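Worksheet: one structure, shown below.
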Amino acid sequence: MYEGDGVRSPYGGLLEWSRDMPAELRSLKQSEAEALFRRIGITFAVYGEGGSPDRLIPFDMFPRVFAADEWARLERGVKQRARALNAFLCDVYGRGEIVRAGRIPARLVYRNEAYETAVCGFVPPKGVYSHIVGVDLVRTAADEFFVLEDNCRTPSGVSYMLENREIMMRMFPALFQENRIAPVENYPSLLRRTLASVAPAKCEGEPRVVILTPGHFNSAYYEHSFLADMMGVELVEGADLFVEGDFCWMRTTEGPKRVDVIYRRIDDAFIDPLCFRQDSMLGVPGLMNVYRSGGVSICSAPGAGVADDKAIYTYVPEMIRFYLGEAPILKNVPTWQCAKDDDCRYVLENLAELVVKEVHGSGGYGMLIGPQADAATLALFAAKIREKPWNYIAQPTLALSTCPTFVESGVAPRHVDLRPYCLVGETIELVPGGLTRVALTEGSLVVNSSQGGGVKDTWVMAE
Amino acid sequence: MRLQISHETVYRFDPPMRGVVQSHRMTPSQFEGQQVIHWSIDVAGAERGASFRDGAGDWIKTVSLLGPVSEVRVMVQGVVETRDLSGVLRGHRETVPPDAYLRPTEATQPEVVVRALAEQALADAEEGALARAHALAGAVADAIDYRPGETAAGTTAAEALTLGRGVCQDHTHALLAVARVSDIPARYVTGYLESGADGGAHEASHAWAELFVDGIGWIGFDAANRCCPDERYVRLGSGHDAQGAAPIRGVADGLGVEAMTIDVSVTPETQSQSQSQSQTQQ
Amino acid sequence: MLSRTAGHLFWIARYIERAETNARLLEVGARNALIPNIGGGFRNDWESVLQTSGGAQGFAEKYGDVVQRNVETWLFFDRDNPSSVASCIHSAREGGRVVRTALTTQVWDAVNSAFQDMQEFARTERSSLSVSDLTDWTLRTTALIRGSALNTQLRNDGYDFTNIGHYIERADSTARLLDVKYYVLLPNVAYVGSGLDNYQWRTLLRAMSSNRAFNWAYGGEISPAKIVDFLVLNRACPRSLMSAAEGAAEHLDRLARSYGRSTEAQTRVRDMVGNLSEVQVQDIFDEGLHEFLGRFMGDLAALGGDVQRIYLSGETR
């Protein structure tokens, strides 16, 4: 977060802190942090990127800081987006007003692979489809944020937000005494409250919430078990649940216990072999029938993914205007769809200025950063785009903001992004913080951990 | 026409299973073409579970059986009063947007043979959406001869078209595939057919396609019989393909080997002699 | 608690105890191999160890002839042997990863470190690892895991399943070790009371870390009657069948109280404890020690089956 020659004000004291830290202490702290991460077993895989389960994601001790007023604006923007995305989901599985009004092309929605006819006509409790919305943001100026993408299914990485904070507090307690940093520790209890608030109507008494995991071979298993532990709920696999009568039950040592809310960390296709993929061993046969008849809640709702598709993304500002009657607070990055002839022509003519991504790509692979590419790479990509235009989208290179980061030679600016986690239930909540990813290589814009990215603690200063 | 239906499906497991859960899409649809006089689905020893009307308008029921389960006997019996609406699904309430039925499935991929047939059929077709739909149904009927035993449950539209032979499932998959590549929403429908003594040997447990025709709505096309559903048809439910529309979807927990037998009869209630058909599947 | 979670806790405890048993067997075998060849000779001793560990057939298929070094490998390192120390530690750690949230940091650390050490051994030159070092390491490691569990785990139903697993496995282990001595190890009844007999008894006690405890409790000469009393009936001996059965009974009772329901498992374990309380050493010899132990192990297997069916299978209604 540099501004002109210096850093922005919220960073004031931290620069001194980092300057005053002797090199030995710094490397001591760094290895202490690593030992802590290794000990708790938090592993490499973030955002489903895969990678070696035994590798640590690099942790940068220099926190990223937001002033209270900066955060307040961002919070409004993220909540606005989460509301609009849920309104959109309710609409397209209901009457489809936004499509009828011609604001979004029908085909983009209904032919989308993530559109689930199995939930058409069903309104989940409180009208919420996406209960945890992860919004990936970058900053380009003091009060200008762009949304890179929305994650409406089961955004991962929140365990890093909590563990990064935990480790910073353990290693630098003084910093937390000197600065008034808003806490994030209540995220698990907020998440639990959010999930409980969408219990089905048939639920009696205190809702029983569980997390459904594909199992311990999954790259995000650590996060699943961490969240279960922090929320004090059972971490179940598909085989632990079964459907009988109007409800879903969990196999326990005392006999079956009814389950009311399932926070699932498995994909739609695997939830129920009687409704989706017949060969799924991870799901619960009959679960969708219980869900549709109001016996259990599934978070996020199957079909929520249609709202975070890269093609739908373009229309989120439109959704905000349509459903909320508000002006979008956060901006979308202008996006060219190579599938459209005009856009494709523009992209090919301006390749050297653009970032090109695969439509279904992730993890920073298969990406072109025009300004940093040589002529041969540009030519290669131009050929790829001509061959399969529908497989690519392009965006302008943003002047991403940077944040002070510990490097070999001291402290230097590095590019960062941010994923806050918005909780949507009876109320809508955003804990003051998120996961900051940092591109540790000088000048790099790629923050993915598989490509030399790291993570930082994210501070929001209390008023 | 008043049709009497008796439909028994028996699953046997050896060794017995820990438990069985099934989802049934086996209640006649509610629309102007048919009225249920009475209808029952019985599964001996089963716990009845969640039931609801889904977005496509189908009534779905869940049953579960506790292990050890060596046999599941699903007995459907009922009487339905039907009317000929020339295939039009009039007065059917549903919320799934027709465009959602444009997406191909594994069984209905738009492969070369599919595209070729669609192009050829539409080249000769008259103007108008309805004429185009008829042209596609006719082309599929010409392209696939009715021949039981040559295709299997997993046969795709393209495979059946290449082979040139198949049963009602293959006709239907082929029609869905050619309709979808032609931008016509299309879905798989299951039900019963009374084919009478002289009506040919087509299955009493039947499947056909519905195509969405702008201005009219969903219209049934039975390419296997070169007609649109009339009063001899009873409609149960629909899906994106045979798997999605299956009257019974089930999962048994355990290592047992499954064997299934089906016995279906559809008879006009006035008629005493019944037309029945059995099949065994191992 | 989830049946699957309870199952993992139960089995982690059993694997840890089993690892310990195999290390003890290894020690018995190595010690017996030091005494002169009488009767069946060295090979016979190792064969009986394999018989006891329950892996004789698997060993024969893989290695053929019974050679000391191969037996050591089989009992300690070999992942093809599901009961080897390495396999047990590996399985315990896998289970621990799955139910990580049901374990305290201390227990997880102990299990995970055991696994890491084992990986290290696998990379080390075999000749630099002595049997007694490996045995010592195993006893130390399993004690650390068990101790961490006793010290830090929440006293909930998960704790009971851990202990039930531990005691069932321990009872099984003691019964097997005793059986190998009396039935398999001693080739001929004529040797009863001989120097060889006494030597083997001492080895057995040492393998159970009970040599000195026995001296304190009984003093003087070793006799089969004293040994059987000590390892079967004596409540003071932590490895006796009585202690193990009472341990299992205590934790099954706790479960029944907290769940408000008593089952066949509680009935069975109470019968087992009752039988042990009534029986005298002479009764055991009258029945035949081998026969008595066989019957006990049968009851134990049935108890394990009850626990599995009632609590761990998830089929209970």
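One residue stands out among those in region C:142-167 that are within 24 Å of C:F77 (Cα to Cα) and surrounded by 23 or more Cβ atoms within 10 Å (Cβ to Cβ): the one that is farthest from the other protein chains (Cβ to nearest Cβ), which is C:T142. Of all residues in region A:292-310, those satisfying the criterion of being part of a loop (DSSP other than H, G, I, E, B), within 14 Å of chain B (Cβ to nearest Cβ) and touching a residue at least 60 places away in the same chain (Cβ under 8 Å) are A:G294, A:G295, A:V296, A:A301, A:P302, A:G303, A:D309.
Scanning region C:262-300 for residues that are in a helix (DSSP H, G or I), within 19 Å of C:G247 (Cα to Cα) and either in contact (Cβ under 8 Å) with a residue 60 or more places away in the chain or hydroxyl-bearing (S, T, Y) (or both) turns up C:T267, C:S277, C:L293, C:F296, C:M297, C:L300. Among the numbered conditions (1) at pLDDT below 95; (2) assigned to a strand (DSSP E or B); (3) closer than 24 Å to A:W71 by Cβ; (4) of a type outside the set (D, E), the only one that A:L423 does not meet is (1).
Condition check ((1) buried (at least 21 other Cβ atoms within 10 Å of the Cβ); (2) not β-branched (V, I, T)) across all residues:
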position	(1), (2)
A:V243	yes, no
A:P273	yes, yes
A:G283	yes, yes
A:G286	yes, yes
A:V290	yes, no
A:I298	yes, no
A:A311	no, yes
A:I320	yes, no
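Scanning region A:311-358 for residues that are among the hydroxyl-bearing types (S, T, Y), in the same structural domain as A:I98 (by TED's automatic domain parsing) and not in a loop (DSSP other than H, G, I, E, B) yields a total of 2.
Within region A:187-205, the set of residues being modelled with pLDDT of 95 or more and exposed (fewer than 14 other Cβ atoms within 10 Å of the Cβ) comprises A:S189 only. Being assigned to a helix (DSSP H, G or I), crowded, with 22+ Cβ neighbours inside 10 Å and in the same structural domain as C:T73 (by TED's automatic domain parsing): is that true of C:A110 here? When the stated conditions are applied, C:A110 passes them. Scanning region B:27-54 for residues that are part of a strand (DSSP E or B), within 14 Å of another protein chain (Cβ to nearest Cβ) and in contact with a Phe, Trp or Tyr (Cβ under 9 Å, 6 or more places away or on another chain), we see that the one that is farthest from A:G121 (Cα to Cα) is B:G49. Scanning region B:75-111 for residues that are within 14 Å of chain A (Cβ to nearest Cβ), of a type in the set (D, E, K, R) and in contact (Cβ under 8 Å) with a residue 60 or more places away in the chain yields B:R93, B:D99, B:R103, B:E106.
Taking the stated definitions as given, is A:I329 over 19 Å from B:R25 (Cα atoms) and surrounded by fewer than 18 Cβ atoms within 10 Å (Cβ to Cβ)?
Details: over 19 Å from B:R25 (Cα atoms): yes; surrounded by fewer than 18 Cβ atoms within 10 Å (Cβ to Cβ): yes.
For A:I329, the condition - over 19 Å from B:R25 (Cα atoms) and surrounded by fewer than 18 Cβ atoms within 10 Å (Cβ to Cβ) - is met.
Among the residues of region A:223-257, those identified as of a type outside the set (A, V, I, L, M, F, W, C), within 24 Å of the chain's Cα centre (by Cα) and at the interface with chain C (Cβ under 8 Å from one of its Cβ atoms) are A:S225, A:D229, A:E234, A:E237. Scan region B:16-69 for residues that are hydroxyl-bearing (S, T, Y), buried (at least 19 other Cβ atoms within 10 Å of the Cβ) and in contact with a Ser or Thr (Cβ under 7 Å, 6 or more places away or on another chain) and report the count. The qualifying residues number 2.
From A:G295, A:G305, which residue is small (G, A, S) and under 25 Å from B:R25 (Cα atoms)? Quick ask: steps written out before the conclusion?
Working: A:G305 fails: under 25 Å from B:R25 (Cα atoms).
Result: A:G295 is the single residue among A:G295, A:G305 that is small (G, A, S) and under 25 Å from B:R25 (Cα atoms).
Please verify whether region A:373-385 includes one or more residues that are part of a loop (DSSP other than H, G, I, E, B) and in contact with a helix residue (DSSP H, G or I) (Cβ under 7 Å, 6 or more places away or on another chain). Within region A:373-385 (the criterion being part of a loop (DSSP other than H, G, I, E, B) and in contact with a helix residue (DSSP H, G or I) (Cβ under 7 Å, 6 or more places away or on another chain)), the answer is no, since none of the residues qualifies.
When B:A152 is tested against (1) without any contact (Cβ under 8 Å) to a residue 12 or more places away in the chain; (2) over 18 Å from the mean Cα position of the chain (by Cα), exactly one condition is not met: (2).
Flag: A:D308 does not match the condition of being of a type in the set (D, E), under 27 Å from A:V99 (Cα atoms) and not assigned by TED's automatic domain parsing to the domain that holds A:C422. Would you confirm whether any residue within region A:231-252 is in contact (Cβ under 8 Å) with a residue 60 or more places away in the chain and touching a Pro at 6+ places or on another chain (Cβ under 9 Å)? For region A:231-252, residues in contact (Cβ under 8 Å) with a residue 60 or more places away in the chain and touching a Pro at 6+ places or on another chain (Cβ under 9 Å): absent. Going residue by residue through region A:120-139, is there one that turns out to be within 14 Å of another protein chain (Cβ to nearest Cβ) and either at positive phi or part of a strand (DSSP E or B) (or both)? Yes, some residue in region A:120-139 is within 14 Å of another protein chain (Cβ to nearest Cβ) and either at positive phi or part of a strand (DSSP E or B) (or both).
Do we find a residue being assigned by TED's automatic domain parsing to the domain that holds A:E70, surrounded by fewer than 17 Cβ atoms within 10 Å (Cβ to Cβ) and at pLDDT 95 or above anywhere in region A:217-226? Among the residues of region A:217-226, not one is assigned by TED's automatic domain parsing to the domain that holds A:E70, surrounded by fewer than 17 Cβ atoms within 10 Å (Cβ to Cβ) and at pLDDT 95 or above, which makes the answer no.
Of the residues that make up region A:207-218, is at least one facing chain C (nearest Cβ under 10 Å), touching a helix residue (DSSP H, G or I) at 6+ places or on another chain (Cβ under 9 Å), under 28 Å from C:I164 (Cβ atoms) and free of Cβ contacts under 8 Å to residues at least 12 places away in the same chain? Yes, region A:207-218 contains a residue that is facing chain C (nearest Cβ under 10 Å), touching a helix residue (DSSP H, G or I) at 6+ places or on another chain (Cβ under 9 Å), under 28 Å from C:I164 (Cβ atoms) and free of Cβ contacts under 8 Å to residues at least 12 places away in the same chain. Scanning region A:274-281 finds no residues that are modelled with pLDDT of 95 or more and under 28 Å from the mean Cα position of the chain (by Cα). Considering region A:82-106, and only residues there that are touching a Cys at 6+ places or on another chain (Cβ under 8 Å) and assigned to a helix (DSSP H, G or I), the residue that is nearest to the other protein chains (Cβ to nearest Cβ) turns out to be A:L89. Right, C:R69: under 20 Å from C:S130 (Cβ atoms) and either surrounded by fewer than 23 Cβ atoms within 10 Å (Cβ to Cβ) or not assigned by TED's automatic domain parsing to the domain that holds C:R202 (or both) or not? Yes; evaluated as a whole, the condition is true for this residue. Give me the residue from region A:363-396 that is surrounded by fewer than 16 Cβ atoms within 10 Å (Cβ to Cβ) and among the polar types (S, T, N, Q) and, out of that set, modelled with the lowest pLDDT. Only one residue fits best here, namely A:Q372.
The values are calculated or read from the model by the stated rules, or taken from the named source; none is laboratory data. In this text the structure is predicted, and so the values were computed from the model without any measurement. Every residue, glycine among them, receives a Cβ derived from its backbone with ideal geometry; neighbour counts consider all protein chains shown.
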